[in-house]
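Worksheet: one structure, shown below.
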Amino acid sequence: MLTGRELPSVIFPESPETRKLKEKKLRSVAAGISSLAPIIVESAKGSVIKDLDGNIYIDCYAGIGVVNDGHCPDEVVKAIKDQTDKLIHSCFMVSMYDSYIELADKLAEIVPVNGEGKVMFVNSGAEAVENAVKIAKAATGRPGILAFEAGFHGRTLLTMTLTSKVKHYKYGFGPYAPEVYKVPSAYCYRCVFKSKYPECGMHCLEHIERFFVSESADDNIAAMIIEPVQGEGGFIVPPKEFLPGLREICDRHGILLIADEVQTGFGRTGKMFALDHYGVKPDLMTLAKGIASGMPLSAVVGRADVMDAPGAGRIGGTYGGNPVACAAGLATVNEMQKNDVPAKAEALGQKFVSRLEKIAENHKEIGEIRALGAMIAVEFVKDKETREPDKEIVGKLVQGCFKRGLLIMGAGIYGNVVRFLPPLVMTDEQAEKAMDIFEESLKEASI
């Protein structure tokens, strides 16, 4: 049985059982459901994954930012088992249960919204965003939503429309939802205004005022939605003035601010929520991923008057806030608070960045290193002057790391970013080994 503290060990060949399952996958699972790592997972604990053949990998994608508190944390597993003995499902909209209410009360207490908070639960990040938009429209009576280039908000029709990466998320799936508008984000490394921070004076904020003249009147926009750190876009950490500036613009024009903290929430950035770094309180916040250690659960948390705007029966869903998922969520949040997981994220992120900066001294392919807590990215370029994206090296790196026992992922609108999302309980020894593997793989990929 795994302890969660193991180092990688990739020594066993693919077994007949694994091959059989892969053949069955090709036969039975839709082709659009792809898998990055060509393994069948047998078990996972802490920061490691074990495949069906007995190989052990250090996990630096954490189920895409989901298992922040590590794989299968003991207290969460216990909470899940205890709840399944009592109640698996009833539908909260028909008959209530305590785990939903207790978790809602906990989130209303800790989520930094702009006033007294209320909560609703659904199942996925995309569902949370869908409902946040519905709530914002009901509260304001306005139809328009303003989103940002390089953002990712989901794969449903509306959330795909809000998302900025055409291939492979949007291509061929149109027409898209109406009354969704886009403006440039604060992607300073690739500023669309060809400006340089901080001398730029925040052109990206100034452009929004122009948008209200050229594209849509301010009284047509119900809400502005932004990831505090854009995830799929390449872990884009904005300048310190950007998010407070958005809050000021929203207040001035009567627009609600939706913070999409699906990936940044629950300790990932070194604070419980990314907006805590900036002192900004949104009107609505969407949460998922790290909320329940892998159980399907998401939430919308917002100002009580805004959350109540739709009225009885107008939001919800059959499985939203499932009893088992809510029990897992409550145990997850309690464990994060008890063990100060955000502080672990900050220390882990510093360890990764310090090592990456040393690696970058010998690799001209590294254009920029970005991080907020343990949300860490390396952007690769073919030339540091032109900043031409280098997508090819990322593919080589992902494969090179995999064969050495490290699981990482790509990101970025150009596919030229490697992202690290380690479980926040990763040991120092595992972090060092992960960086050793990354450096060795980069040397190989650079040849």
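The values are calculated or read from the model by the stated rules, or taken from the named source; none is laboratory data. Here the structure is a predicted model, which means the values were calculated and not measured. Neighbour counts are summed over all protein chains in view; Cβ atoms, including those assigned to glycine, are modelled from backbone coordinates with ideal geometry.
Are any residues in the range 25-46 part of a loop (DSSP other than H, G, I, E, B), within 25 Å of Leu421 (Cβ to Cβ) and out of contact with any Leu (no Cβ under 9 Å at 6 or more places or on another chain), and if so, which ones?
Just the residues of the range 25-46 that are part of a loop (DSSP other than H, G, I, E, B), to begin with: 29-40.
With within 25 Å of Leu421 (Cβ to Cβ) added as a condition, the list becomes 29, 32-40.
Listed by number, the residues that qualify are Val29, Gly32, Ile33, Ser34, Ser35, Pro38.
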Hits in the range 45-67 - residues which are hydrophobic (A, V, I, L, M, F, W, C) and more than 24 Å from Met272 (Cβ to Cβ): Val48, Ile49, Leu52, Ile56, Ile58
Given the criteria touching a residue at least 24 places away in the same chain (Cβ under 8 Å), buried (at least 24 other Cβ atoms within 10 Å of the Cβ) and under 27 Å from Val77 (Cβ atoms), does Phe235 qualify? no
Qualifying position, being within 25 Å of Thr264 (Cβ to Cβ) and either in contact with a Gly (Cβ under 7 Å, 6 or more places away or on another chain) or loosely packed, with under 15 Cβ neighbours inside 10 Å (or both), among Ala44, Ala108, Ala30: Ala108
Just wondering, is there one or more residues in the range 192-212 that are of a type in the set (Gly, Ala, Ser) and under 27 Å from Asn322 (Cα atoms)? no
Which of the residues spanning the range 242-265 are crowded, with 23+ Cβ neighbours inside 10 Å and either part of a loop (DSSP other than H, G, I, E, B) or at pLDDT below 95 (or both)? Ile255, Glu261, Val262, Gln263, Thr264, Gly265
From the option list Gly174, Gly115, Gly151, single residue qualifying as under 30 Å from Ala371 (Cβ atoms), assigned by TED's automatic domain parsing to the domain that holds Glu232 and in a loop (DSSP other than H, G, I, E, B) is Gly151
Going through the range 111-126 in order, the residues found to be surrounded by fewer than 22 Cβ atoms within 10 Å (Cβ to Cβ), touching a strand residue (DSSP E or B) at 6+ places or on another chain (Cβ under 7 Å) and within 22 Å of Gly65 (Cβ to Cβ) are Asn123, Ser124
Does Asp53 satisfy the criteria of being surrounded by 13 or more Cβ atoms within 10 Å (Cβ to Cβ), assigned to a loop (DSSP other than H, G, I, E, B) and over 27 Å from the mean Cα position of the chain (by Cα)? yes
Can you give me the ranges of the strands (runs of 3 or more DSSP E) entirely in the range 360-447 with at least 3 residues that are surrounded by fewer than 16 Cβ atoms within 10 Å (Cβ to Cβ) and small (Gly, Ala, Ser)? none
Inspect the range 15-24 for any residue being surrounded by 14 or more Cβ atoms within 10 Å (Cβ to Cβ) and assigned to a loop (DSSP other than H, G, I, E, B) and give the result as yes or no. yes
Every residue from the range 274-303 that is surrounded by fewer than 24 Cβ atoms within 10 Å (Cβ to Cβ) and hydrophobic (A, V, I, L, M, F, W, C): Val280, Met295
List the number of the failed condition for Ile393; all other conditions in (1) within 19 Å of Cys188 (Cβ to Cβ); (2) in contact with a strand residue (DSSP E or B) (Cβ under 6 Å, 6 or more places away or on another chain) hold. (1)
All conditions in (1) within 25 Å of Pro73 (Cβ to Cβ); (2) of a type in the set (Lys, Arg); (3) surrounded by fewer than 24 Cβ atoms within 10 Å (Cβ to Cβ); (4) in contact with a strand residue (DSSP E or B) (Cβ under 8 Å, 6 or more places away or on another chain) are true of Arg268 except (3)
So Glu109 ticks every box in (1) more than 23 Å from Ala274 (Cβ to Cβ); (2) out of contact with any helix residue (DSSP H, G or I) (no Cβ under 7 Å at 6 or more places or on another chain); (3) not aliphatic (A, V, I, L, M) but one. Which box is left unticked? (1)
Given the conditions (1) within 15 Å of Met307 (Cβ to Cβ); (2) of a type in the set (S, T, N, Q); (3) in a helix (DSSP H, G or I); (4) over 20 Å from the mean Cα position of the chain (by Cα), report the number of the one that Asn131 does not fulfil. (4)
Against the condition in the same structural domain as Met272 (by TED's automatic domain parsing), surrounded by 21 or more Cβ atoms within 10 Å (Cβ to Cβ), of a type in the set (S, T, N, Q) and on the phi < 0 side of the Ramachandran plot, how does Ser95 come out, does it pass? no
As an exercise: evaluate Gln430 against (1) touching a residue at least 24 places away in the same chain (Cβ under 8 Å); (2) in contact with an Asp or Glu (Cβ under 9 Å, 6 or more places away or on another chain); (3) more than 27 Å from Lys289 (Cα to Cα) and give the number of the one condition it does not meet. (3)
When the range 154-171 is checked residue by residue, the ones that are touching a residue at least 24 places away in the same chain (Cβ under 8 Å), assigned to a helix (DSSP H, G or I) and crowded, with 20+ Cβ neighbours inside 10 Å are Thr159, Leu162
Every listed condition ((1) touching a Lys or Arg at 6+ places or on another chain (Cβ under 9 Å); (2) charged (D, E, K, R); (3) more than 30 Å from Gln337 (Cβ to Cβ)) holds for Asp251 save (1)
Answer yes if at least one residue in the range 187-207 is in contact with a His (Cβ under 6 Å, 6 or more places away or on another chain), free of Cβ contacts under 8 Å to residues at least 60 places away in the same chain and over 21 Å from Ile64 (Cα atoms), and no otherwise. yes
